[in-house]
1. Would you calculate the volume per residue, in Å³, of the smallest convex hull containing every Cα atom of the range 131-253?
2. How would 210, 101, 145 line up from fewest to most surrounding beta-carbon atoms within 10 angstrom?
3. Ranked by Cβ crowding within 10 angstrom, fewest neighbours first, how are 148, 22 ordered?
4. Considering only DSSP beta bridges with both partners in the chain, what is the antiparallel share in %, to the nearest 5?
5. Please list the radius of gyration and Dmax for the chain, considering alpha-carbon atoms only, with Å as the unit.
6. Show me the ranking of peptides 6-13, 224-231, 67-74 by mean Cβ neighbours inside 10 Å, starting with the highest.
7. Per residue, how big is the convex hull around the C-alpha atoms of the range 1-60? Give it to me in cubic angstrom, could you?
8. Please compute the volume of the convex hull spanned by the alpha-carbon atoms of the range 177-236 and report it per residue in Å³.
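Every number here is computed from the coordinates shown, using simple stated rules; none is lab data. Predicted model only: the values in this text are computed from it and were never measured. When we count neighbours, we look across all protein chains shown, and the Cβ atoms used for this are built from the backbone with ideal geometry, even at glycine.
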């Protein structure tokens, strides 16, 4: 089975008699872009919340690089290298794009709360921050106030601040949600580009995105894994097509 970076064993989450995640056995291969897809209410976001420890599992195990992290706290998970994009999204809308990335870098250094540090000591982070902005095609926006960025560029900034934390495993929660076609293709290219040397697990609704960049796909339905495989395998699976009744199954088949 190659090199598994993240594994769940019978991962389960119940809320007052409702099972949101039901015995999920997930294996994410190192270096892969792996997508979690499924109809609304399938349990994708709950699954992400369990992996990043915003929720505690009712049962089951989570292993990262072979170590059991089921009982770890969110900060411990982040320090081990599992970073979720929204955890450190552009939360400072009135700072510049460069300053936002610099804060991500400070967090990685463990000096995140020393906002009063001299400009000189922060300036040493500027080169690294500019390199990250170049990676996500935001160099020309470095001095822009974040709140003024177009939506798709804000998502690119989120990816840059996530990269600043030096993730070994990046979790992207619907990275292209709410985007127009041009932004979708730009962010898709960006994810492909930054995936080099990293592992990405993403929740994504857009099947064109998933079919274009994902190595492996897990389909959730009612909290359980319905199917798993490459896009070609999953999109032609009768159970999956049935789960995505109507428009979405047409979308599934049409995204080749």
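1. Numbers: hull volume 14.7 nm³, N = 123.
Dividing the Cα hull volume of the range 131-253 by its residue count gives 119 Å³.
2. Working: 210 23, 101 28, 145 14.
Ranked by crowding around the Cβ, least crowded first: 145, 210, 101.
3. 148, 22
4. Restricted to the chain, the bridges split so that about 55 percent are antiparallel.
5. Rg and Dmax of the chain, Cα atoms, are 18.7, 61 Å.
6. Working: 6-13: 19.4, 224-231: 17.8, 67-74: 13.9.
Packing order, densest peptide first, comes out as 6-13, 224-231, 67-74.
7. Numbers: hull volume 5.2 nm³, N = 60.
Taking the convex hull of the Cα positions in the range 1-60, it is 87 Å³ per residue.
8. 94
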